[in-house]
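The values are calculated or read from the model by the stated rules, or taken from the named source; none is laboratory data. Treat the numbers as computed from the prediction; the structure is a model and nothing was measured. All Cβ positions, even for glycine, are placed from backbone atoms using ideal geometry, and neighbour counts span all protein chains on display.
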Amino acid sequence: MNLRFLLSLTLVLTGCLARVQAGPGTNATAEMQFALRAEEFITGYLAWRPATGTTLGLHEYDGKITDFSRDSIRSEVARLRRFNRELATFPPASLSPKALQDHRVLRTAVADELFSFEEMASYSRNPMTYAGAIDVNIYIKRNFAPLPDRVRSIIAIEKQAPRVMAAARASLDSSLPRPYVETAIEVANGSADFLGKELVEALKDLKDATLLAEFNTANQRAIAELRSYADWLKIKQLPKAHDHFALGREKYQKMLLEGELIPFRPEYILEMGLVELHREQAAFAKAAHEIDPSKPPIEVFRAIQKDHPTVEGLIPDTRKNLEAIRQFLVDHKIITLPSEVRVKVEETPQYARATSFASMDSPGPLETKATEAFYYVTPAEKDWSPQHQDEWLTAFNYYTTDIVSIHEAYPGHYVQFLCEQASGATRVEKIFSSYAFVEGWAHYTEQMMLDEGFGAGSGANPTPADRLKAAKYRLAQSDEALLRLCRLCVSIKMHCQGMTVNEATKFFQENCYYEEKTARQEAIRGTFDPGYLYYTLGKLQLLKLRRDYQQQEGDAYSLQKFHDEALRHGSPPVRLLREIMLKNSSQWNELF
């Protein structure tokens, strides 16, 4: 087989045949070897993580579940280490720009996975890993196969529940962090509740009596295994749990640098985060003062929450307002929308309402069957009391709902999906994404849209009513920003400076004005998801990139041009995006 044929075959495998541009110094053999290694890595990566394969839209992985045995975990770690060493041997000069981009995305993905195994110790230290493993939600929320086939996949996964829970007991450390154990108990019992109620309800149209009987048997066994696991955690693990959840500064720095290529010290990020937090608190207070100077800012915010749809009007109003947001993007040339296909606004399915307020469900980037995208909004239940309904709908006040819609759909996550689909991104770019870029982009759009005039009325001379409305939108957007800024500060303080869960709870209460229960939930999340600082950190990186890009482009700059370019390279770490978009990307010494 000649070299030219091998190279062509390899580029087809990696999905980048049309995008590799060999340049001076590139090496055809190195390109071929890297492409083969990339495809080999992806194959092994998805074989060990079949649920990820199904989510991506690769249905040869349906009905499969990760082998969590100790031998399997050790084997996967060894595989990751081997690829980490092999990828390091490719000289950058031997690869074309596109192949080099894939190479760097892949290296950060491998580093991030190794961090999860070795530093986060997700399989020996975190019981949530196993509590949420029997996840069959995708088989009822997306119709990518006939219902009987999807039920067979559910049965196949549920039959593995005894093995998963046995692996958990064998692999977990004898003493675990208390927040992990407490949360895992909730997750395990919640999963059992889902299987026993919402899953059964979702499959009510199944007509095959034999298949239904097989499902019921497997489902009951899976429920029993999850309940038993929750009891084991409560009886055996909770009494000896400890509060040593922190990564420590060294590991935290490693998380930033290797997983997201962020070179800044945690102390610097915290310093900048506190500056931004105080700036945002001032913006919150200023907007509140413009609305009602006689009341404290938090009371003003609670007052605007009363401006919400009716029970019957929630979905129609959200659908209408979402179309208005989309039209604003077009009219103001915010970004080029590559498709006329609309996201469908629907009520959150009954089985998902316990855990979802509003959510975006786009198909996987490799999905070819169930290609609809849904923006789910959870309604007030008809059997609730009028008071309960009204309390629920305050969260859907028109201003906050539009900010959430911007984040989730236009031009947030749904537009990210559309642009990735239209860009011809490689398999590497579609499969591996940056937490900081994905959530940073969606969070960035909330502020950007208001900066561009969304919600401020039209015309050069806004009326008092226009200014009042704009202040209400800014208050809602600022509230969302304050939460994400508190996450950034708490993440670093807990994992690098010894902040306790109680102290973190108080920080959320005092700095983004949350009630105690919600503040504690946010604090607990920070113990096992230190990466939730990336909402704000990604946003700040994108704002910095935009300023540098504008300076570079001069008169040729436009906001639309910046956004179009930013979203046509998959979802890489922002550091890599800087190297693509900026002629001189080396000068990155500050976030502001």
Condition broken by ALA93, with the remaining ones in (1) aliphatic (A, V, I, L, M); (2) under 29 Å from GLY248 (Cβ atoms); (3) touching a residue at least 12 places away in the same chain (Cβ under 8 Å) satisfied: (2)
Unmet criterion (only one of (1) modelled with pLDDT under 95; (2) assigned to a loop (DSSP other than H, G, I, E, B)) for ASP466: (2)
Residue in the stretch 153-174 that is polar (S, T, N, Q) and touching a Leu at 6+ places or on another chain (Cβ under 9 Å) present: no
Failed criterion for GLU515 (all others in (1) under 30 Å from VAL181 (Cα atoms); (2) of a type outside the set (Lys, Arg); (3) modelled with pLDDT of 95 or more hold): (3)
Test: residue in the stretch 161-171 that is in contact with a strand residue (DSSP E or B) (Cβ under 8 Å, 6 or more places away or on another chain) and among the basic types (Lys, Arg): no
Enumeration of residues in the stretch 363-374 that are farther than 29 Å from ASN189 by Cβ, touching a residue at least 24 places away in the same chain (Cβ under 8 Å) and either among the β-branched types (Val, Ile, Thr) or surrounded by 14 or more Cβ atoms within 10 Å (Cβ to Cβ) (or both): PRO363, PRO365, LEU366, GLU367, THR368, ALA370, GLU372, ALA373
Checklist (1) assigned to a helix (DSSP H, G or I); (2) closer than 24 Å to ASP102 by Cβ; (3) of a type outside the set (Asp, Glu); (4) in contact with a Phe, Trp or Tyr (Cβ under 7 Å, 6 or more places away or on another chain) applied to ARG546, failing item: (2)
Evaluation of SER69 against (1) farther than 27 Å from LEU147 by Cβ; (2) in contact with a Ser or Thr (Cβ under 7 Å, 6 or more places away or on another chain); (3) surrounded by 15 or more Cβ atoms within 10 Å (Cβ to Cβ) (one fails), failing number: (2)
All helices (runs of 4 or more DSSP H) inside the stretch 103-197 with 3 or more residues being within 22 Å of the chain's Cα centre (by Cα) and closer than 22 Å to SER75 by Cα: 128-131
Those residues of the stretch 502-519 which are surrounded by 19 or more Cβ atoms within 10 Å (Cβ to Cβ) and assigned to a helix (DSSP H, G or I), in sequence order: ALA504, THR505, PHE507, PHE508, ASN511, ALA519
Sole exception among (1) in a helix (DSSP H, G or I); (2) in contact (Cβ under 8 Å) with a residue 60 or more places away in the chain for GLU391, by number: (2)
Among the residues listed as ARG152, ARG178, ARG163, ARG125, the single one being within 14 Å of HIS59 (Cβ to Cβ) and either surrounded by 23 or more Cβ atoms within 10 Å (Cβ to Cβ) or not aliphatic (A, V, I, L, M) (or both): ARG152
